[in-house]
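The values are calculated or read from the model by the stated rules, or taken from the named source; none is laboratory data. All of these numbers come straight from a predicted model, not from anything done at the bench. Here the Cβ positions follow ideal geometry from the backbone for every residue, glycine too, while neighbour counts run over all protein chains shown.
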Amino acid sequence: VALEELRWLPSDLGSPRVFINQPAFTAAYIDNGEEKLKTRAVVGKVTNQTAFFYDQIKQVDFHPYWGVPQSIIVNEMLPRLRGDPGYLDRAGYEVTDSRGKRIPSSAINWGDYGANIPYSVRQQPSEANALGELKILFPNKHAIYMHDTPQKSFFKQDMRALSHGCVRLQDPRGMAAAVLGTSVDYIAEKLKHGHSTEDVTRKIPVYVAYFTAWPDMSGKVEYFSDVYDRDSRLKQALDATEAVRSPSS
């Protein structure tokens, strides 16, 4: 199964690169055959699975805003807002209408809305911001990126499929320094000056992969739990394909 999944990636993974292995709950920065950084990661819940894909890292966003996905507004925020419409104002969120006009959350009758909410919500930079102090962007159709988190306790758990789909890093400053080709001290200095962005000028691919069997840097194969039950489904598909291709007896 792992060999089949490997076919989905380029034959040359490139260097430097970032490799995220979801079943291992890790993210690594690899350059010239050396694992320069390896950090614990949190990936999507079984109900909000992180996709398998690869892209190019483009930017680091310091003290980011968080644009709240509509699914979270509807499924997690709306029930509370119906009884406490001023909740978003107090919690540091901005609400805007379809024309971009900012509206106090307390001025909206949230009980009028269900699955289709005509407002956008974003969280301002703060210690409570869901993205923490920085995010690392690689624009993709899945809207997945790497970021910090205020929920540090998640990294103490062995099973870390706990997010809405994005990849949370235990060492976001280290990863930001690696992809920008700079030091952690530089990242700390940038974080003293509020919201800003910095482009990644080198070509650095990022692989958001899913391998339950994968070699470490010494070549020893490590095995991980199939947290999303993808291997069993892929094995069924491979067996079915083989059965069709095999001549009948």
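Mind counting the residues in segment 170-203 that are over 27 Å from Asp12 (Cα atoms) and of a type in the set (Ser, Thr, Tyr)?
Going through segment 170-203 one residue at a time, the tally reaches 4.
Kindly provide the set of residues from segment 33-51 that are assigned to a loop (DSSP other than H, G, I, E, B) and either modelled with pLDDT of 95 or more or under 19 Å from the mean Cα position of the chain (by Cα) (or both), ordered by number.
Filtering segment 33-51 for residues assigned to a loop (DSSP other than H, G, I, E, B) gives 33, 45, 49-51.
The answer is Lys45, Gln49, Thr50, Ala51.
In this structure, does Tyr29 turn out to be in the same structural domain as Phe155 (by TED's automatic domain parsing), within 14 Å of the chain's Cα centre (by Cα) and crowded, with 20+ Cβ neighbours inside 10 Å? If you could, list the steps in order and put the result at the bottom.
Details: in the same structural domain as Phe155 (by TED's automatic domain parsing): yes; within 14 Å of the chain's Cα centre (by Cα): no; crowded, with 20+ Cβ neighbours inside 10 Å: yes.
Here the answer is no, as Tyr29 does not meet what is asked.
Pick out, from segment 127-226, the strands (runs of 3 or more DSSP E) lying fully within it that include 2 or more residues that are buried (at least 19 other Cβ atoms within 10 Å of the Cβ) and either touching a strand residue (DSSP E or B) at 6+ places or on another chain (Cβ under 8 Å) or of a type in the set (S, T, N, Q) (or both).
Working: elements: 134-137, 161-163, 167-169, 196-199, 205-209, 213-215, 221-223.
In segment 127-226, 134-137, 161-163, 167-169, 205-209 are the strands (runs of 3 or more DSSP E) which contain 2 or more residues that are buried (at least 19 other Cβ atoms within 10 Å of the Cβ) and either touching a strand residue (DSSP E or B) at 6+ places or on another chain (Cβ under 8 Å) or of a type in the set (S, T, N, Q) (or both).
For a quick check of your reading of the model, give me the residue pairs whose first member lies in segment 73-94 and is among the β-branched types (Val, Ile, Thr), whose second is at pLDDT 95 or above, with beta-carbon atoms closer than 7 Å and at least 6 apart or on different chains.
Taking only residues 6 or more apart or on different chains, the pairs are Ile73/Val121.
Contact list please: Cβ distance under 8 Å, first residue in segment 7-22 and free of Cβ contacts under 8 Å to residues at least 40 places away in the same chain, second residue of a type in the set (Val, Ile, Thr), pairs at least six apart or on different chains.
Partner pairs satisfying both residue conditions: Ser15/Ile30.
Out of all the residues in segment 90-113, which are among the acidic types (Asp, Glu) and not in a strand (DSSP E or B)? Quick ask: steps written out before the conclusion?
Step one: of segment 90-113, the residues among the acidic types (Asp, Glu) are 94, 97, 112.
Listed by number, the residues that qualify are Asp97, Asp112.
Going by the conditions given, is Val60 in contact with a Leu (Cβ under 9 Å, 6 or more places away or on another chain) and either assigned to a loop (DSSP other than H, G, I, E, B) or within 30 Å of Asp158 (Cβ to Cβ) (or both)?
Values: in contact with a Leu (Cβ under 9 Å, 6 or more places away or on another chain): yes; either assigned to a loop (DSSP other than H, G, I, E, B) or within 30 Å of Asp158 (Cβ to Cβ) (or both): yes.
Answer is yes for this residue.
Quick one: how many residues across segment 88-115 are of a type in the set (S, T, N, Q), surrounded by fewer than 11 Cβ atoms within 10 Å (Cβ to Cβ) and either under 28 Å from the mean Cα position of the chain (by Cα) or within 24 Å of Asn129 (Cβ to Cβ) (or both)?
Qualifying residue count for the region: 1.
Among all residue pairs at least 6 apart or on different chains, which show Cβ distances below 6 Å where the first residue, located in segment 148-170, is within 17 Å of Ile136 (Cβ to Cβ) and the second is hydroxyl-bearing (Ser, Thr, Tyr)?
Gly165/Thr50; Cys166/Tyr145; Arg168/Thr149; Leu169/Thr39; Gln170/Thr39
Can you find a residue in segment 45-53 that is more than 21 Å from Ile136 (Cα to Cα) and in contact (Cβ under 8 Å) with a residue 40 or more places away in the chain?
So far as segment 45-53 goes, yes, one or more of its residues are more than 21 Å from Ile136 (Cα to Cα) and in contact (Cβ under 8 Å) with a residue 40 or more places away in the chain.
Look at segment 55-80 and say how many of its residues are exposed (fewer than 14 other Cβ atoms within 10 Å of the Cβ) and in contact with a Lys or Arg (Cβ under 8 Å, 6 or more places away or on another chain).
The number of residues fulfilling the criteria is 1.
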